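One structure is given here, and the rest of the page talks about it.
The values are calculated or read from the model by the stated rules, or taken from the named source; none is laboratory data. Fair warning: this is a prediction, and the values are worked out from it, not measured in the lab. Counting neighbours? That spans all protein chains shown, and the Cβs are built from the backbone with ideal geometry, glycine included. Protein only, heavy atoms only, side chains kept; ligands, DNA and RNA dropped before computing areas. Shrake-Rupley method; radii C 1.70, N 1.55, O 1.52, S 1.80 Å.
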Amino acid sequence: MFRQEVREKMKKLKISIEGMHCASCASNIERSLSKVNGVKNPRVNLIMKKCYAEIEDNVKEEDLKKAVKRAGYEAKSIEFE
């Protein structure tokens, strides 16, 4: 029951990312985003240049952008589903 309650508080997220060129780039972004408290299961699609993840309500958009920048890339847009 607890997992269900946590899952219901999660939002789906899509980040458009600029500057990725290879699988290592994607891996660096996933690793950086996974260090942000409240971000779960970040998955980068290199071909689409997008990252998909689930986030808790308390995660700030600015923290997501900083995590992408820390990996050496730019978050062009962030959309919530």
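Tell me, please, whether a residue that is within 11 Å of the chain's Cα centre (by Cα) and assigned to a loop (DSSP other than H, G, I, E, B) can be found in segment 14-31.
No: zero hits.
So, of the residues in segment 64-81 that are among the aliphatic types (A, V, I, L, M) and part of a helix (DSSP H, G or I), which turns out to be surrounded by the most Cβ atoms within 10 Å (Cβ to Cβ)?
Out of the qualifying residues, it is 68.
Can you find a residue that is modelled with pLDDT under 95, open to solvent by 50 Å² or more (accessible area, probe 1.4 Å) and either in contact with a His (Cβ under 6 Å, 6 or more places away or on another chain) or part of a helix (DSSP H, G or I) (or both) anywhere in segment 47-63?
No: zero hits.
Failed condition for residue 42, given (1) part of a helix (DSSP H, G or I); (2) surrounded by 18 or more Cβ atoms within 10 Å (Cβ to Cβ), with all others met?
All conditions pass for residue 42, except number (1).
Would you pick out the residues in segment 44-53 that are free of Cβ contacts under 8 Å to residues at least 24 places away in the same chain and under 17 Å from residue 77 (Cβ atoms)?
Within segment 44-53, 45, 48 meet the criteria.
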